[in-house]
1. Mind checking segment 103-160 for trypsin sites (Lys or Arg not before Pro) that DSSP puts in a loop (not H, G, I, E or B) and that have at most 16 other Cβ atoms within 10 Å?
2. How would segment 11-71 be classified by its alpha-carbon gyration tensor: rounded, prolate or oblate, with rounded meaning a/c under 1.5 and the a/b versus b/c comparison settling the rest?
3. Nearest 10 degrees, 0 to 90: what angle lies between the long axis of helix 200-213 and the longest principal axis of the chain (Cα atoms)?
4. For segment 261-348, which trypsin sites (Lys or Arg not before Pro) pass both filters: DSSP loop (anything but H, G, I, E, B) and at most 10 other C-beta atoms within 10 Å?
5. Between Ile271 and Ala297, 0.36 nm times their residue separation minus their Cα-Cα distance comes to what?
6. What GluC sites (Glu not before Pro) in segment 193-252 are in a loop by DSSP, with at most 11 other Cβ atoms within 10 Å of the Cβ?
7. Label the chain by shape, choosing from rounded, prolate and oblate, from the square roots a ≥ b ≥ c of the eigenvalues of the Cα gyration tensor; if a/c is under 1.5 it is rounded, and otherwise prolate applies when a/b is larger than b/c, oblate when it is not.
8. How would segment 92-160 be classified by its alpha-carbon gyration tensor: rounded, prolate or oblate, with rounded meaning a/c under 1.5 and the a/b versus b/c comparison settling the rest?
Amino acid sequence: MTDILAFTPPKLHQGKKWFVDFLCYDPVTETMRRKKYHLDGIKKISDRKRHGAELVSKLLYRLHQGWNPWAEVSSTRQFASLSNIFDLFVRCIQRQRDTGAMRQKTYHSYHSMLARFREWCESCPIRLVYVYQLNKTVLVDFLEYIYYDRESSARTRNNYKTWLYMFCGWLIDRGYMTENPAASIKTIKEEPKKRDALSAEQLQQLRSYLLENDRHYLLACMMEYYAFIRPEELTCLTIGDIRVKEQKIVVHGEWSKNRKDEAVGLNTELIKMMVDLEIFKFPSHYYLFGRHFTPAAEKTTGRIFREKFAILRKKFKWPDSIQFYSLKDSGIRDLANAEGIVIARDQARHADISTTNHYLKGDAMAIHTETTTFHGKL
């Protein structure tokens with residue numbers, strides 16, 4: 001830190017040109033650079049002397065307090081090494097993951113985005129070494145790299161923008177920043193998610209094939225369709241979480257998306273399938289879906305559901321917009337049309353019906369027959 005704050009005392013020069021100057025360490029170039037303040041604009045010699053003396057005194061005081069003209073920062077913590085800060089952030093999110101304060105999926109997302117940002121900082125033409133250099137211009141340049149150079153989607157670019165806002169907030173909480181430079185960065189318009197619900201014919205095609213070839217994966221598909229349980233949540237579900245008598249599935253807050261303990265309805269079709277597969281003969285602490293979609297003592301990842309579905313999609317020659325998560329879209333659509341959107345909202349664990357509506361595209365929504373027979377006054 002002493003190297004960063006190194007400086008020579010300010011000095012008033014009188015002659016053909018009047019000025020105050022001093023040398024101060026520039027942490028970016030790692031050299032001593034001269035800072036100069038011209039006084040020729042002051043007409044009276046006596047005023048120049050007085051102003052020069054005052055300027056020397058003020059500059060010397062500020063320099064002793066840690067001020068650096070090449071880095072307008074409010075605290076020496078903002079001179080912290082970016083490399084060290086990145087390492088500290090990783091340790092923090094690892095701790096949150098290990099204690100259950102952060103979901104594994106969130107951890108991977110944060111870790112991945114940090115790695116990309118760190119790689120960009122290290123290769124940036126402008127040498128980025130210290131925290132104070134992370135201003136709005138730098139963050140915008142990084143987002144343009146993500147969007148234009150890497151040709152990522154608008155949604156991905158906006159996700160990085162959200163992460164940068166969180167990361168800068170984390171820095172503010174620890175005194176490394178005073179303001180969030182990502183706060184005023186605007187999001188850009190996103191294209192609608194390219195995910196469609198399965199038609200009735202596609203659902204039957206999937207069911208028929210899996211009944212003959214992989215009934216355990218069919219159970220996973222049915223869980224997504226009937227219970228709306230997210231892929232990552234499915235990997236945490238144990239057999240003990242299935243309450244047959246109460247006909248409900250317990251979703252624990254420690255691994256659910258909204259961090260709350262909740263329960264969803266256990267459809268009779270799911271019970272029948274689990275009985276046929278003899279699921280309840282396994283120990284209650286076993287995960288419902290292991291690596292091969294059968295109950296197992298070891299936990300797997302949500303990726304297995306998507307990878308298996310990608311193989312089936314190719315086999316059936318379905319478009320890429322049909323995904324494993326499309327089963328949830330399909331289930332919400334069919335339940336809302338059969339029993340009402342409020343029931344679908346509660347089963348999906350949505351806080352608001354507006355969220356449920358996102359899953360219901362216009363041509364998939366049923367109409368109320370009352371609207372066809374209503375006699376108005378026009």
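Taken together, the values in this text are just the output of simple stated rules run on the coordinates, not laboratory data. In this text, all values refer to a predicted model and were calculated from it rather than measured experimentally. We place every Cβ from the backbone using ideal geometry, glycine too, and count neighbours over all the protein chains shown.
1. On the way: sites: Arg103, Lys105, Arg116, Arg118, Arg127, Lys136, Arg150, Arg155, Arg157; in loops: Arg103, Arg127, Arg150.
Filter output for segment 103-160: Arg127, Arg150.
2. Working: a/c = 3.26, a/b = 1.87, b/c = 1.74.
It is prolate, given that a/c is not under 1.5 and a/b is the larger ratio.
3. 80 degrees
4. Values: sites: Lys272, Lys281, Arg291, Lys299, Arg303, Arg306, Lys308, Arg313, Lys314, Lys315, Lys317, Lys328, Arg333, Arg345; in loops: Arg291, Lys299, Lys317.
The qualifying sites are Lys317.
5. Numbers: separation 26, 0.36 × 26 = 9.36 nm, distance 2.13 nm.
The span from Ile271 to Ala297 would gain 7.2 nm if fully extended.
6. On the way: sites: Glu201, Glu212, Glu224, Glu232, Glu233, Glu246; in loops: Glu246.
Here the GluC sites (Glu not before Pro) that fit, given the DSSP loop and packing criteria, are Glu246.
7. On the way: a/c = 3.37, a/b = 2.49, b/c = 1.36.
Cα axes put the chain in the prolate bin.
8. Values: a/c = 2.60, a/b = 1.48, b/c = 1.76.
Oblate, since a/c reaches 1.5 and b/c is not below a/b.
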